Amino acid sequence: MSFFAVIMAGGVGKRFWPQSRRATPKQLLRIAGEESMLRMTVDRLKQVTNVEHILIVTNSEQEEGIRAEIPELPMDNILIEPEGKNTAPAIGLAAILVQHRDPNAVMGIFPADHYIEDGDAFDNYLHQGITVAKDMKGLVTFGVIPSRPATGYGYIQYHERTNPDEPIYAVKAFAEKPDFETAQLFLNSGDFLWNSGMFVWQVDVILNSFKEFLPEIWDSLNNIRGAIGKPVWNSVLTVEWATLRSISIDYGVMEKAKNVFVVKVDYAWNDVGSWDAVHEMRNKDEAGNVSRGEVLYHNAKNNLVLSEGKTVAMVGVEDLVVIDTKDALLIIPRGQTEKVKDLVDGFEKEQRDSLL
């Protein structure tokens, strides 16, 4: 059995504007440490499988940056989507290519932009998931023990344990991102986990699930499969991709399938979804400030300041996020950085391409 790791790296990360742009998206930024999110993800997976078995799904705008960031990745291991169609089509595309290389492979799906502190624990839980995928022919996801009633994550409800010695459970239900009151109920119940967006399954099992639950996407994947390695690949992929509906793997497959299991993981995990999350997870000075670049503080506390060039002075202010780049400056109160996405959506509507 060979294990293929597929990294989903097609998102832009609008909430991380002005650093995150179409050509330099969130996963290429050094927001969680001294390495990019993508580099940290690849290095974590290189402890589990060899680099020839790591694939990255992205788009044409990000291809150059990804190749420069991960130069050791084989040329054919970067898969280019003609356009974003959510996670189900992207996973289906990766699955037919993995199956072409090894029909008996197990494949894992991993977001490019998540932070996991304990690499050894990650390896251990991942291997447990691989075992379930092989032995029980299951669709396996990974659920994080919630630490607060978060409204920005989906949830997984679990019930009976498959083995008394392992943290693996049958999935009872998936829940979309809740409001605060519902999230509090989930937390109090004790049988809900945060949905991490990571998966493991045998490649034939997930493709059979596409055939059962997403037959129209399955038909297109079959047509694309016939073009693998042929000169018509790009034209067939483009034509078939245009017909696909945008749908997530959770809604399209996981919520409908019966053989779904969750590995209950207990490690520090963060999907780093906003500038607020960066302040939360990075080391702070004695006043609670997080800085990168030349930043001067006077009677200022609990701020996040990232400067790419000029010196930034913070005087008598608190709970601010200040992101200074060569062509843009963002200033926003902490606790409101989710709204940065709305700002960028406005740039798109106004066709202000220089800011995207």
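Miscellaneous remarks
- Odd one out for residue 125 among (1) under 24 Å from residue 54 (Cα atoms); (2) surrounded by fewer than 16 Cβ atoms within 10 Å (Cβ to Cβ): (2)
- Selection of the range 15-24 for residues being outside any loop (DSSP other than H, G, I, E, B) and among the charged types (D, E, K, R) yields only 15.
- The range 136-169, subset among the hydrophobic types (A, V, I, L, M, F, W, C) and farther than 24 Å from residue 208 by Cβ, residue modelled with the lowest pLDDT: 150
- Positions within the range 17-55 being among the basic types (Lys, Arg), surrounded by 14 or more Cβ atoms within 10 Å (Cβ to Cβ) and more than 18 Å from residue 321 (Cβ to Cβ), in sequence order: 39, 44, 46
- Positions within the range 143-184 being β-branched (Val, Ile, Thr), out of contact with any helix residue (DSSP H, G or I) (no Cβ under 9 Å at 6 or more places or on another chain) and more than 20 Å from residue 260 (Cα to Cα), in sequence order: 182
- Qualifying position, being touching a residue at least 24 places away in the same chain (Cβ under 8 Å), within 20 Å of residue 229 (Cβ to Cβ), assigned by TED's automatic domain parsing to the domain that holds residue 33 and not acidic (Asp, Glu), among 139, 97: 97
- Look at the range 190-211: where a residue is free of Cβ contacts under 8 Å to residues at least 60 places away in the same chain and a partner is outside any helix (DSSP H, G or I) and of a type in the set (S, T, N, Q), sitting 6+ places away or on another chain with Cβ atoms under 8 Å, you get 191/157; 192/157; 195/141.
- Look at the range 256-270: where a residue is more than 13 Å from residue 193 (Cα to Cα) and a partner is part of a loop (DSSP other than H, G, I, E, B), sitting 6+ places away or on another chain with Cβ atoms under 6 Å, you get 259/138; 268/117.
- Residue match in the range 221-231 (condition: modelled with pLDDT of 95 or more, part of a helix (DSSP H, G or I) and within 21 Å of the chain's Cα centre (by Cα)): no
- Selection within the range 1-29: residues that are at pLDDT below 90 and in contact with a strand residue (DSSP E or B) (Cβ under 8 Å, 6 or more places away or on another chain). The member of this set that is nearest to residue 309 (Cα to Cα) is 10.
- When 287, 257 are checked against the criterion of being touching a Lys or Arg at 6+ places or on another chain (Cβ under 6 Å) and either at positive phi or not in a strand (DSSP E or B) (or both), a single residue qualifies: 287.
- Subset of the range 318-329 that is out of contact with any Asp or Glu (no Cβ under 8 Å at 6 or more places or on another chain) and in contact (Cβ under 8 Å) with a residue 40 or more places away in the chain - its residue that is nearest to residue 283 (Cα to Cα): 323
- Any chance residue 248 is touching a residue at least 24 places away in the same chain (Cβ under 8 Å), of a type in the set (S, T, N, Q), crowded, with 19+ Cβ neighbours inside 10 Å and out of contact with any Pro (no Cβ under 9 Å at 6 or more places or on another chain): no
Let's see how each residue does on (1) within 19 Å of residue 44 (Cβ to Cβ); (2) in contact with a strand residue (DSSP E or B) (Cβ under 7 Å, 6 or more places away or on another chain):
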residue	(1), (2)
66	yes, yes
74	yes, no
84	no, yes
91	no, yes
102	no, no
107	yes, yes
118	yes, no
122	yes, yes
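- Identity of the residue in the range 170-206, in a strand (DSSP E or B) and among the β-branched types (Val, Ile, Thr), that ends up farthest from residue 98 (Cα to Cα): 171
- The range 304-342, residues that are outside any strand (DSSP E or B) and touching a helix residue (DSSP H, G or I) at 6+ places or on another chain (Cβ under 8 Å): 327, 328, 334, 335, 337, 338, 340, 341
- Residues satisfying the stated conditions in the range 293-317, i.e. out of contact with any Gly (no Cβ under 7 Å at 6 or more places or on another chain) and in contact (Cβ under 8 Å) with a residue 24 or more places away in the chain: 293, 303, 304, 314
- Out of 27, 47, one residue alone is touching a residue at least 60 places away in the same chain (Cβ under 8 Å), not assigned by TED's automatic domain parsing to the domain that holds residue 305 and not in a loop (DSSP other than H, G, I, E, B). It is 27.
The values are calculated or read from the model by the stated rules, or taken from the named source; none is laboratory data. Bear in mind that the values here come from a model prediction, so they are computed numbers and not experimental data. Virtual Cβ from ideal backbone geometry, glycine too; neighbours counted across all protein chains shown.
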